[in-house]
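Take a look at the structure below.
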Amino acid sequence: MPEIAHLDCNVVIVDLDNNIDKAIGVIANICSRDVAVTVMAYSSRNDATSMRRSMQAGAREFLIEPLLPDALREAFARTASRRADQTKAPGKMMVFIPSKGGVGMTTIATNFALALTKESGAKVVVVDLDFQLGEIALGLGLTAKFSVVDALLNPARLDSEFVSTILLKHSSGLAILSSPEDYNFFHAPVDEGAAKLFRILREDFDYVVVDTGTCHGRIQEMLFGIADKLYLITEMTFPALRNGHRLIEFLAARDWCRNLEVVLNRFNSHHTDIDERSVTKAMTRPIDWKIPNGYAAARAAEDTGVPLAMGDSPITRVLVQMARAASASRSLSTKSAAGDSAGLISRRCQERGDLDGSPRF
């Protein structure tokens, strides 16, 4: 996948015939990594199930034998038209992961998203992936009629319009894709719709903040791979530090630590058993953010439904600093990407003699 990403392709064609399960995984991976790339699925058989699965994973076209010139021309013409409309950089993925349950990840992710909305002035959505017991909507004083599960269980219906109908809106302007209100188990697979959902969210929002909650398996692995920033939330307890160390080892083995930031929640400089030096040693890296212990303020926010970020507190000040750092990094990368893209297009057009700037495939 990294090699494909470095090719800077306009189109990737994925053959379904040899191993359809692996091919569907490749389609989902490419679509989740780069919303600007068009994936076309190819098969020698006109199979409705293969077509449905590939489209749910994010493929925009389905090619079958015989490959007629007119059909190919139309497919590439649609791709060129979509690329002409893609003037906006994809939204940044801000993924929060806990080192264990109860470390305060949901509180941090929710209030970070609120602070990011205020500080950046951009479009921000927060996604609650705790399918059974999510609390983001509750913490914002809202009640959800629809949830992220409605999106994941209906991949064939997923588009920007459908997603907009299941979002909640907070008074701050923050959009919320909530967890279900009812406790339930979901026996239908939800993995294939995840890549498509996050591609749509990145197209529609400047920032996508994700509380990974209880999601696991392919969805969590996909999020780790596409995250522009990974926030690992831990605290000054032995189980949390042990698990944090294990997570960092896992991420490092897959070269996913480049965008990792470690957040030490409930920081207490007077902790008698574990000091900051021990935390740094356990994490094998410096701590990026230290959020002070503010149990009373956090508890009051939960009980009243008025988030911490709507007021002023030591916790809020750190979260505002995190939000400012995140929005500053996006501003720099957007300017760089715009300049790089303009130069790259100009050079390629000159090399090919393609003066109208149309993409070649």
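Any idea what the relative contact order of the stretch 118-180 is, in percent, if you count C-alpha pairs under 8 Å spaced at least 6 apart?
52 percent
Ranked highest first by average number of other Cβ atoms within 10 Å, how do 288-301, 52-65, 312-325 line up?
52-65, 312-325, 288-301
FRET efficiency for LEU72 and ASN154, Cβ-Cβ distance as r, R0 = 41 Å, nearest 0.05?
0.85
Order these peptides, 20-31, 243-254, by their mean beta-carbon neighbour count within 10 angstrom, highest first.
Order by mean packing, descending: 20-31, 243-254.
Given contacts defined as C-alpha pairs under 8 Å and at least six residues apart, what's the relative contact order of the stretch 177-307, whole-number percent?
20 percent
In straight Cα distance, which lysines are under 16 Å from LYS145, not counting same-chain residues fewer than 8 positions off?
Counting by Cα, and skipping residues close in sequence, LYS145 has these lysines nearby: LYS169.
Here are some pairs, LYS229/LYS281; LYS100/LYS196; LYS118/LYS196; LYS118/LYS229; which of them have Cα atoms lying more than 26 Å apart in this structure?
LYS100/LYS196; LYS118/LYS196
Report the full-extension gain for the segment MET1 to ARG246: residue separation times 0.36 nm, less the Cα-Cα distance, to one decimal in nm.
85.8 nm
Of the peptides 204-211, 279-286, how do they stack up when ordered by the mean number of other Cβ atoms within 10 Å, highest first?
My ranking of the peptides, most packed first, is 204-211, 279-286.
In whole percent, what relative contact order does the stretch 244-300 give with Cα contacts below 8 Å and a gap of six or more residues?
Relative contact order for the stretch 244-300 comes out at 42 percent.
Specify the inter-centroid distance of the stretch 20-58 and the stretch 214-289, based on alpha-carbon positions, in whole Å.
If you average the Cα positions of each part, the centres end up 33 Å apart.
So if I average 1/r over every pair of distinct C-alpha atoms in the stretch 1-139 and take the inverse, what Kirkwood radius in Å does that give?
Mean inverse Cα-Cα distance, inverted, gives 17.9 Å.
Bear in mind that the values in this text are calculations on the coordinates, not laboratory data. All values reported here derive from a predicted model rather than from experimental measurement. With ideal geometry, Cβ positions are generated from the backbone for all residues, glycine too; neighbour counts draw on all protein chains shown.
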